[in-house]
């Protein structure tokens, strides 16, 4: 069974990151959640990042606000795909600092970046990555997307009555 790590810089990021946790659980994907601060717990960051692949993770979702170094630092040390979630925090510049810090990675250190506070999409993307090699998860993603399609069709019907 695939496992996803959802890490964030502080507990204040949890309300945003909860969307990723919820969607992954909805796909029956095991999720481990932790606080790993790039600036306040660098030793923990190094240990987590260097060992994530040997600890059974398939994908890492890292959320951070402000300077938002966590996703990039994790990606610099882990061979796993990292999905960055920029979080609009109290110390951010309307979230743009977080978006650009995660988005503008140097060549060789990719971080898939979702929208500001887009943890739900990070969870879906992690499921799609896992689904590429796990048919059970892929089937759940297909079913989920079919549900999105049906909501739009029903919405269109309701306004055309």
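The values are calculated or read from the model by the stated rules, or taken from the named source; none is laboratory data. Computed from a predicted model, the values in this text were never measured in an experiment. We place every Cβ from the backbone using ideal geometry, glycine too, and count neighbours over all the protein chains shown.
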Practice problem: Check the range 22-36 and report whether any residue there is modelled with pLDDT of 95 or more and closer than 12 Å to residue 74 by Cβ. | Solution: yes
Quiz prompt | Options 17, 1: the member that is within 27 Å of residue 140 (Cα to Cα), in contact with a strand residue (DSSP E or B) (Cβ under 7 Å, 6 or more places away or on another chain) and at pLDDT below 95 | solution = 1
Quiz item: Which of (1) out of contact with any helix residue (DSSP H, G or I) (no Cβ under 6 Å at 6 or more places or on another chain); (2) closer than 19 Å to residue 29 by Cα; (3) assigned to a helix (DSSP H, G or I) is the odd one out, the single condition residue 130 does not satisfy?
Solution: (1)
Quiz item: Only one residue in 112, 122 is in contact with a helix residue (DSSP H, G or I) (Cβ under 7 Å, 6 or more places away or on another chain) and in contact (Cβ under 8 Å) with a residue 60 or more places away in the chain. Which one?
Solution: 122
Quiz item: Would you pick out the residues in the range 62-100 that are closer than 14 Å to residue 119 by Cα and touching a helix residue (DSSP H, G or I) at 6+ places or on another chain (Cβ under 6 Å)?
Solution: 62, 63, 64, 65, 71, 82, 83, 84, 85, 86, 87
Exercise. Could you give me the residue pairs with C-beta distances under 7 Å whose first residue belongs to the range 45-60 and is on the phi < 0 side of the Ramachandran plot and touching a residue at least 40 places away in the same chain (Cβ under 8 Å), whose second residue is part of a helix (DSSP H, G or I) and buried (at least 22 other Cβ atoms within 10 Å of the Cβ) wherever it lies, and which are 6+ apart or on separate chains?
Key: 58/130; 59/126; 59/130; 60/74
Practice problem: Check every one of the strands (runs of 3 or more DSSP E) wholly within the range 1-110 and list those with 2 or more residues that are surrounded by fewer than 24 Cβ atoms within 10 Å (Cβ to Cβ). | Solution: 30-35
Quiz item: Regarding residue 138, is this residue part of a loop (DSSP other than H, G, I, E, B), touching a helix residue (DSSP H, G or I) at 6+ places or on another chain (Cβ under 6 Å) and surrounded by fewer than 20 Cβ atoms within 10 Å (Cβ to Cβ)?
Solution: no
